[in-house]
Amino acid sequence: MSSHKKFTIEERVRWGDVDAARIIFYGAYIHFFEFAETELFREVGLHYGVMFDELKIWLPRVHLECDFHRAARLDDLLEVSVYVGRFGTKSMRLNFEVRRQGSEELIATAHFVLAAVNQSTFETVPIPSELREKLAPYTANEEHK
């Protein structure tokens with residue numbers, strides 16, 4: 001059993017997030033994942049100003065996958081959880097889970113792969129040790145899939 005923590009935010013499904021059937025539009029999930037990612041980094045003291053200004057890296061997304069298990073609807077209050085699935089040498093995988101507040105049933109699961117790149121050259125660079133250390137409590141260290 002893994003001992004990592006998941007960082008969770010709550011987001012309400014709003015009118016701009018849904019289609020004509022009042023079911024969440026798939027693109028809205030990406031915004032929710034970005035909000036969760038941003039708040040996870042802020043939680044561990046690595047808000048983007050620190051990461052970009054002090055660590056001198058960018059973290060562009062190089063891969064995104066999402067599976068939709070259930071429909072979320074207008075006004076649902078969602079819990080969006082994020083944790084580091086694994087660190088590679090120059091990239092990291094963030095895993096996401098979406099549930100209705102108070103439910104264990106998954107609505108969506110996703111993962112992003114972020115590459116560390118030098119701000120000036122956009123060449124890949126090793127993930128900074130400070131990033132690894134601060135995110136350690138939220139890291140699962142899954143086998144590469």
(request) For region 23-33, state whether one or more residues are buried (at least 18 other Cβ atoms within 10 Å of the Cβ), among the hydrophobic types (A, V, I, L, M, F, W, C), in contact with a Ser or Thr (Cβ under 7 Å, 6 or more places away or on another chain) and under 16 Å from TYR138 (Cβ atoms). (result) no
(request) From GLU104, GLU97, GLU130, grab the single residue that is free of Cβ contacts under 8 Å to residues at least 40 places away in the same chain and surrounded by fewer than 20 Cβ atoms within 10 Å (Cβ to Cβ). (result) GLU104
(request) Those residues that are among the β-branched types (Val, Ile, Thr), in contact (Cβ under 8 Å) with a residue 12 or more places away in the chain and within 14 Å of PHE7 (Cα to Cα), I need them from region 34-71; list them, please. (result) VAL44
(request) Go through region 31-50 and give me each residue that's part of a helix (DSSP H, G or I) and aliphatic (A, V, I, L, M). (result) ALA36, LEU40, VAL50
(message) I want to confirm something. Restricting to region 76-123 and keeping residues that are assigned to a strand (DSSP E or B) and of a type in the set (S, T, N, Q), which single residue is nearest to the chain's Cα centre (by Cα)?
(response) ASN95
(request) Identify the residue in region 55-75 that is over 21 Å from ILE9 (Cα atoms), in a strand (DSSP E or B) and among the aliphatic types (A, V, I, L, M) and, among all such residues, is modelled with the highest pLDDT. (result) VAL62
(request) Go through SER120, SER91 for me and flag whichever is over 30 Å from LEU74 (Cα atoms) and either modelled with pLDDT of 95 or more or among the aliphatic types (A, V, I, L, M) (or both). (result) SER91
(request) Any chance you could count how many residues in region 1-30 are part of a helix (DSSP H, G or I) and under 10 Å from the mean Cα position of the chain (by Cα)? (result) 1
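The values are calculated or read from the model by the stated rules, or taken from the named source; none is laboratory data. Just so you know, these numbers come straight off a predicted model, no measurement behind them. Every residue, glycine among them, receives a Cβ derived from its backbone with ideal geometry; neighbour counts consider all protein chains shown.
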